[in-house]
Amino acid sequence: MNCTVYKSSLKNKEGYYLFIENKEEFSRVPSTLLALIGKPEFVLTAELSPAKPLGQADVLEVIGQLQEKGYYLQLPPEEPITEIPQ
C-alpha cells in the first residue's frame, strides 16, 4: 500500500506525523485534526508492507487505519520520566 507522510508545521507539535493514502488528498482527514497539527509539511511517499516495519508504529495498524479512516496520526514517543518532581 502506498502512502504519503506529512509532519506538523507547529513547534509545539514536533513529532506529529500524518499518514494519508494519496498526496495532497486530505478530504478524509477531520478538519479538527488538521487545525491541531497546522499546515501539513510533506516528508515523503512510501510503500507500506508487513515485510517492512516502521520505526515508531505498527505497520499493520497504519495500513488498517488508512483503509478504514483514510489517515493515521503518529504521535511522538513519550519521554521517559527520569526524575520524580518534588
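We did not get these values from a lab; they are worked out from the coordinates using the rules stated. This is a predicted model, so every value here is computed, not measured. Because the Cβ atoms are built from the backbone with ideal geometry, glycine has one as well, and the counts that use them run over all protein chains shown.
Quick grid of which residues meet (1) under 11 Å from residue 72 (Cβ atoms); (2) touching a residue at least 60 places away in the same chain (Cβ under 8 Å); (3) surrounded by fewer than 18 Cβ atoms within 10 Å (Cβ to Cβ):
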| site | (1), (2), (3) |
| --- | --- |
| 14 | no, yes, yes |
| 20 | yes, no, no |
| 27 | no, no, yes |
| 34 | no, no, yes |
| 39 | no, no, yes |
| 56 | no, no, yes |
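Tell me whether region 70-78 contains one or more residues that are in a loop (DSSP other than H, G, I, E, B) and exposed (fewer than 10 other Cβ atoms within 10 Å of the Cβ). Steps first, please.
Initially, region 70-78 is screened for residues in a loop (DSSP other than H, G, I, E, B), giving 70, 75-78.
Now narrow it down to the ones that are exposed (fewer than 10 other Cβ atoms within 10 Å of the Cβ): 77-78.
Yes: region 70-78 contains one or more residues that are in a loop (DSSP other than H, G, I, E, B) and exposed (fewer than 10 other Cβ atoms within 10 Å of the Cβ).
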### Message
Exactly one condition in (1) under 12 Å from the mean Cα position of the chain (by Cα); (2) in a helix (DSSP H, G or I) is false for residue 32; which is it?
### Response
(1)
